[in-house]
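Chemist: Here it is, the structure in full.
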Amino acid sequence: MISIKDKVFVPYITAHSIQQRVAEIGAEISKDFKEDCPILIGVLNGSFIFLSDLAKSISIPIEISFIKISSYSGTNSTGSIRNILGLDVNLNNRSVVIVEDIIDTGLSMKHLVEMIEKETPKRIAIASLLLKPDALVELLKVNYIGFEIPNKFVVGYGMDYDGFGRNLPELYQLK
Ligand code: IMP
Ligand code: MG
């Protein structure tokens, strides 16, 4: 059990299970994008650890970039998405893999996909470590999902509660 600010969290998914699943996704992406030189776009801040481990488990040439958006406040999705740091690469005719920590309502991802589609890429795929199917309000095709989880707040492995908990190597769930 750990405490972050006013909340208590219990262990949920071990570092070992995460590493195993991330390696599997890396192998799938290596196969699916062979000879395609995809560009991985990590969604900051939450995806930085997942993207780092995922990139290391991909065996084909890739490029890496980041985009920063914000929609969460405390433990709730605000529904309105703010772009904080925009795209700095040319995506025209490129294969893009959007890398997210977690898809909750799907509003952020929908916004991102629409933004990236305007750049006329060849193909867009979505990789998210976690997906909360019961919270999803947008129709999204998520190509690579690490774990489907219940609609409960989690921290660790890049994900935060009010700025803290991102450095935990495993996942914790709100008690
Ligand atoms: P969405 O727009 O509701 O899908 O929310 C997406 C973003 O909110 C994710 O990329 C996370 O950064 C954050 N988020 C959603 N659920 C959680 C959670 O359980 N813990 C920590 N962050 C979360
Ligand atoms: Mg995120």
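Chemist: Which residue fluctuates the most in the chain, going by a Gaussian network model with Cα springs under 10 Å, if the choices are Tyr157, Tyr12, Tyr144?
Modeler: In the Gaussian network model the winner is Tyr12.
Chemist: So if each residue of separation counts as 0.36 nm, and I subtract the Cα-Cα distance between Asp36 and Leu85, what length gain in nm does that give?
Modeler: Contour length minus Cα-Cα distance gives 15.0 nm.
Chemist: With point charges of +1 on the Cβ of Lys and Arg and -1 on the Cβ of Asp and Glu, referenced to the Cα centre of the range 1-67, which listed residue (Gly46, Phe33, Ser57) lies farthest in the positive direction of the dipole?
Modeler: Sorting the options by dipole projection puts first Gly46.
Chemist: Assuming 0.36 nm per residue, please report the length gained on full extension of the stretch Lys110 to Gln173 beyond their Cα-Cα distance.
Modeler: Here the segment from Lys110 to Gln173 would lengthen by 20.2 nm.
Chemist: Now a separate question. For Lys152, Lys34, give me the order by solvent-accessible area with a 1.4 Å probe, most accessible first, ignoring ligands, DNA and RNA.
Modeler: Ranked list, largest accessible area first: Lys34, Lys152.
Chemist: Determine the order of Asp32, Asp53, Asp6 by accessible area, beginning with the largest, at a probe radius of 1.4 Å.
Modeler: Most to least solvent-accessible, the answer reads Asp6, Asp32, Asp53.
Chemist: Please give the per residue accessible area of the range 55-142, computed with a probe of 1.4 Å over protein heavy atoms only, in Å².
Modeler: Averaged over the residues of the range 55-142, the accessible area is 51 Å².
Chemist: Still on this model: Which residue, chosen from Leu87, Ile124, Ile98, occupies the Cα position most advanced towards the positive end of the dipole of the range 87-128, where the dipole is computed from +1 (Lys, Arg) and -1 (Asp, Glu) charges on Cβ about the Cα centre?
Modeler: Ranked along the dipole, the leading option is Ile124.
Chemist: Considering only DSSP beta bridges with both partners in the chain, what is the antiparallel share in %, to the nearest 5?
Modeler: 40
Chemist: Of the candidates Phe66, Phe164, Phe48, which one comes out as most mobile in a Gaussian network treatment of the chain with C-alpha springs shorter than 10 Å?
Modeler: Phe164
Chemist: So if I place +1 on the C-beta of Lys and Arg and -1 on the C-beta of Asp and Glu, and nothing else carries charge, what would the dipole magnitude of the chain be about its Cα centre? I want it in debye, nearest 20.
Modeler: Its charge dipole is roughly 140 debye.
Chemist: For Thr120, what accessible surface area do you get with a 1.4 Å probe? Give it in Å², rounded to 10.
Modeler: 80
Chemist: Another one. Tell me which aspartates and glutamates have Cα within less than 18 Å of Lys122's Cα, excluding those fewer than 8 residues away on the same chain?
Modeler: Candidates past the 8-residue exclusion: Asp32, Glu35, Asp36, Glu63, Asp88, Glu114.
Chemist: Let me ask you something else. In nm, what is the difference between 0.36 nm times the number of residues separating Arg123 and Leu139 and their Cα-Cα distance?
Modeler: 4.0 nm
Chemist: If you put +1 on each Lys and Arg Cβ and -1 on each Asp and Glu Cβ, how big is the dipole of the range 1-99 around its Cα centre, in Debye rounded to 20?
Modeler: The calculated dipole for the range 1-99 is roughly 320 debye.
Chemist: Let me make sure I get this right: for the range 1-68, a, b and c are the square roots of the gyration tensor eigenvalues over alpha carbons, sorted descending. Under 1.5 in a/c it's rounded, otherwise prolate if a/b > b/c, else oblate. Which is it?
Modeler: Cα axes put the range 1-68 in the oblate bin.
The values are calculated or read from the model by the stated rules, or taken from the named source; none is laboratory data. Every value quoted in this text rests on a predicted model; they were computed, and no experiment measured them. Counting neighbours? That spans all protein chains shown, and the Cβs are built from the backbone with ideal geometry, glycine included. We work out accessible area using only protein heavy atoms, side chains counted, and drop any ligands, DNA or RNA first. Shrake-Rupley method; radii C 1.70, N 1.55, O 1.52, S 1.80 Å.
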